[in-house]
1. Could you check the spin-label model distance between residue 105 and residue 122? Points 7 Å from the Cα along Cα→Cβ, value in nm.
2. Translational diffusion coefficient, Stokes-Einstein: compute it for the range 75-214 using the Kirkwood radius over C-alpha pairs as Rh, at 37 °C and 0.692 mPa s, and state it as an integer in µm² s⁻¹.
3. State, as an integer percentage, the relative contact order of the range 1-89 based on alpha-carbon contacts under 8 Å between residues 6 or more apart.
4. Within straight cross-link reach of residue 169, meaning Cα distance under 12 Å, which aspartates and glutamates are found once same-chain residues fewer than 8 apart are removed?
5. For the chain, what % of the accessible area comes from carbon and sulfur atoms, probe 1.4 Å?
6. Any chance you could look up the accessible area of residue 71 with a 1.4 Å probe, heavy atoms only, rounded to 10 Å²?
7. So, how do all the Cα-to-Cα distances of the range 160-214 break down into 5 Å bins, in percent, from 0 on up?
8. Do the alpha carbons of any pairs in 55/176; 122/211; 122/164 sit beyond 19 Å of each other, and which pairs?
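The values are calculated or read from the model by the stated rules, or taken from the named source; none is laboratory data. Remember, it's a predicted structure, so these values are computed and weren't measured experimentally. Because the Cβ atoms are built from the backbone with ideal geometry, glycine has one as well, and the counts that use them run over all protein chains shown. Protein only, heavy atoms only, side chains kept; ligands, DNA and RNA dropped before computing areas. Shrake-Rupley method; radii C 1.70, N 1.55, O 1.52, S 1.80 Å.
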Amino acid sequence: MKLILLGPPGVGKGTQAQLLSEEYGIPQISTGDILRAAIRSGTGLGKRANEYMSKGELVPDDIMLGLIREKLFGEEPLDGFILDGFPRTLMQAKALNKMFAEYDQTPDAVLSLEAEEELIMKRLSSRRICRNCGAVYNLITKPPKTEDLCDICNGPLYQRDDDKIETIKNRLEVYKKQTEPLIDFYQSTGLLISVQSSGSPQEVHRIITTKLEG
Ligand code: AMP
């Protein structure tokens, strides 16, 4: 199964991608996670990406397209995946379509997760990440058992720079301008499935699987 997840930052793409990855046994390809890992390892890609990410801006399309081509269609093209955080611009979506066509593939569905802006702001500002293993917590809905420490590896939790309130506002604006138009783009291909993402992760997951399998 090949799935694409769309939606504003904080709508729950990462959480739903993880649940779908477990349910269908397909890898979650999160471009945000890949870039953050590159920043942690201090690679050239990480250094370039950080200039944009720290301000809540998008990393340039050419960098993202190279990265995604290698991940999806590298040595051995993947036969299933869930894309979380890509595409984010019309240019990326059109280039991805071309790559699919090159390999005679089509995505099975594009899931568009939706939620009110107030809920998104609340979710993003209470998100914490493990510095060590990248596990994601939420101080309101999924707090760690011990304050500031990861349940899985005991690593320290931190708040992403781009989850601070000033940067969140910019990310939401960038989303509206550059990513929201993709909803119409995929609607016109007949692949779009819209899902309200205001319930608990398990509730939203159930809605998604029902729609996918229905
Ligand atoms: P995320 O974890 O998906 O919220 O992504 C965090 C940040 O990584 C974004 O705010 C962008 O700066 C960058 N990023 C992730 N995916 C993309 C993409 N497809 N295109 C451009 N920038 C991206």
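1. For residue 105 paired with residue 122, the spin-label model returns 3.8 nm.
2. It comes out at roughly 189 µm²/s.
3. In percent, rounded to a whole number, it is 52.
4. Those aspartates and glutamates meeting the cut-off are 57, 117, 118.
5. That share works out to 49 percent.
6. 90
7. Per 5 Å bin, starting at 0, the Cα pair percentages come out as 4, 16, 14, 16, 21, 18, 8, 2, 0.
8. Correct reply: 122/211.
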